[in-house]
1. What spacing in nm lies between the two simple spin-label points modelled at B:D271 and B:R109, each 7 Å away from Cα in the Cβ direction?
2. How much length is gained on full extension from A:E94 to A:H53, taking 0.36 nm per residue of separation minus their Cα-Cα distance?
3. Compare B:Q130, B:Q112, B:Q169 in a GNM of chain B, Cα atoms joined below 10 Å, and give the one with the largest fluctuation.
4. Run the Debye formula on the Cα coordinates of chain A, all scatterers equal and no solvent, and tell me log10 I(q)/I(0) at q = 0.11, 0.14 1/Å.
5. Roughly how crowded by other chains is peptide B:295-301, in terms of the mean Cβ count from those chains within 10 Å of each of its Cβ atoms?
6. Could you give the nm distance between label points at A:F339 and A:D123, where each point is 7 Å from its Cα heading toward the beta carbon?
7. Express the relative contact order of region A:349-415 as a whole percentage, based on alpha carbon pairs under 8 Å and six or more residues apart in sequence.
8. Relative to the first principal axis of the alpha-carbon coordinates of chain B, what is the inclination of helix B:271-281, with its axis defined by its Cα atoms, in degrees from 0 to 90 and to the nearest 10?
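The values are calculated or read from the model by the stated rules, or taken from the named source; none is laboratory data. What you are looking at is a predicted structure, and each value in this text was computed from that prediction instead of being measured. A quick note on method: Cβ atoms are made from the backbone with ideal geometry, for glycine too, and the neighbour counts reach across all protein chains shown. Side chains included, ligands, DNA and RNA excluded: accessible areas come from the protein's heavy atoms. Shrake-Rupley method; radii C 1.70, N 1.55, O 1.52, S 1.80 Å.
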Amino acid sequence: MNPIHIIGTGLHSALGKTTQECVTALRASNPFDAETGANVKNLSHYACSLPEHEMTIPYYLLKGVSENDVQTRLHAVLFDVIAQATSEAELSEEDFETIGLFVGSSSFEIADEEERFKQTVNDDDSLALAECGMGNLSERIRKHLNINGPDFTFNTACTSSANAMLYAGQLIDQGVIDYGLVVAVEFVNETTTYGFHGLQLLSPTALLPFDDRRDGLVLGESCSAAVLCNQDIASQHLKNKTRSVVKQSSESKENISIDNNVSSVIRLLGGANLCDTHSMSITHEEGDIVANVITQALENSALTPEAISIVKCHGTATPGGDLAEANGVKRAFSQSNHFPVCTAIKPFIGHTLGACGLSEFILFCCALQQGFLPATPTIASEGNQLGVVLNQNISLKENKLNGLEALKDSAFLLNYFGFGGNNTSLVVDIHHFENAPKSTAVKGDEHG
Amino acid sequence: MVNFFSDQSLSQKNNRKKVQLHIIAAESYVNEISHSQENNETPLVDLKKIVKESSGKAIRRITRFVQLAVIGANRCCKGIELDSNASVYFSSCRGDTGVTVDLLNGLVRDQQPPAPLSFVNSVSNAACFQVAKSVGALGASNFITNRFDPIFSALQLSWSDFAMGTRTQALIGSVDCCSEPLNNHRRRIHVDTQADADIELAEASNWLLVSSEPMNNGSTNSSGNTNTLGTIEALEYFSNIESCLAWLNDENVLNRLPEDTVLGVGQHLNDDQVKALLTATGIKECFHYVTRSRYYDSPTGEGIVRFLSDLEAKSTASTMLHVNTDPSGRMTVLLVTKP
């Protein structure tokens, strides 16, 4: 697959309401800190009773939105996140006419349906699941934005929005569409909370991927969007963006930093999706399917394992899930001349299920673009039983990645695995435009 | 216009790789529920025995939605050894409403949390998993849909994977499942007005096994043949009928439609649109596979299967131009030919 460029992103998670807010918070965040870690969610207003000690659980709730405000989540948050991405991409009305829409979610609007049903359950004609079309959310988005391009809804559990990204990229590469709008949605709801509780997959404390102390996942909610396009369109977009920054600089008579977000772009290089028929709820612990999907993703991207310097792990912190991923990653890179640095995003925003594909993609890639690697100090440090060490320091240099310069020749792997045996890996890089204006900055952050 | 076109002579972009979806097996399993049946205490036929007959195994603890998927997929693949990268592309207009309704009723009415198995089965790709496992498909599995023509979106993505060269065989299907009580199911799918009183409900599992190459490996497909049943030569998408008609008026398109081509009338087309399409193409016959006396959400797959079968009156035609639309006027076109 030819590289597909990401020219606009939007994100709302426990870290913040915009992509930049989330990335800034990610740099400063400590998963164990009460201020920046998971919220404590009280289930007392939920429909079903649980033993008292299970009535509060850690949960990464959306920042700045009341927990009980279902309508705001579903509509204001969703459309705001899409607006972030489409305005950064500077899409025109004509672009919206033909853009392809790719929606990935596990639970869609079930929170809304739970709320509605609770309010009407005692009516004579009450009906559970009164509105039940799998493509309803996509229709809502299409009508809101006047999109007339093809739309696809993906419901493959935790790989939903990762698969949405992969196929959006493929259809752009094949010239079927010029732009793809990928949207990922996962909001807190009772069905999911109780479902994971019943499966005994929830940790009562914290999400510790690959750590010997790991005892389950912590749920999270997030909503994200990304605009994808091919290289020609991305180059034009960069020229327009740079022109406006330079113009702004000359008008204000100040030297304004042309930061890495203008001179570089996140690119999707390829990916793969495989089904593991071992078990509905977990991939085979030996990790052979994990290794196969990684290998196929690399082949699809025309890369060898040596090209990968960092792996963004799925890292759910479940006993079996992490074991399978650890075995698979070790197997996939067993012939490589180096073992990549491993990182995980779930300790910062929780497991956002169908939305984790795109939400973690954005956080991971934007962090790298801004010169740091999400770090989880004291989680999965040296000597753990699974043999996968998560990076302990946000500095690229401390991770022997030699700063942004080294990353220019490197690619990165992102893993996602879901119920139903669905396994997806994506391969990305940060491409630096050679003819981009050099920074003349006094302002702006120091990178690398 | 968005092109999924297989033939470069008809493509407007020169870099489009030539891809055809050769249909080597097909199955349409439809359960019609008569009015008298609908009034029974348990109107839906038990599918366990049919699951066992079609898959060779008694697959336990799966929902009706998954049972339908397994039945249709296994009947489609009967007698055929799948490629090592055979992938499942599964779609449904409404998914497994039955299990979701049970979860919600349990939660809200009975204040019982969902049982673990019910929760896991509520994930749409539970059906993908069971289908892949039962037929031995070791490639990818995807649940993809859109609101108005789910199987078309599944066909689009399998085409995309064939064009990438990552897959050579795909099992593509759609399932629509009823849930009890049926009067509630009618309300959910909006077939509950006075005008709908005569319409019988149905549930269906429609599947196509497609390959990047025509069938010539000596296998026998579900129709007992050793030949390819047909080929999907074009998958086209248009944002409105005007661009669809303009494309159909193109000389290259018209030259591809033999005299005996039939117009496959998609579920959502109205009479004016049918008339406009017949005029634009010069096609003389319509293939109305959607019967007004019974309803389920997404019958496009059934239309393709019935066109390819030898039992259908219109199946003597060599080519079907299938057109469908949605309430906002977007159009989908499939060009299906027989060998």
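1. 4.2 nm
2. 9.3 nm
3. B:Q112
4. -0.82, -1.36
5. Neighbouring Cβ atoms belonging to other protein chains average 0 per residue here.
6. Between A:F339 and A:D123, the label points sit 5.9 nm apart.
7. The value is 23 percent.
8. Long axis of B:271-281 versus the principal axis of chain B: about 30 degrees.
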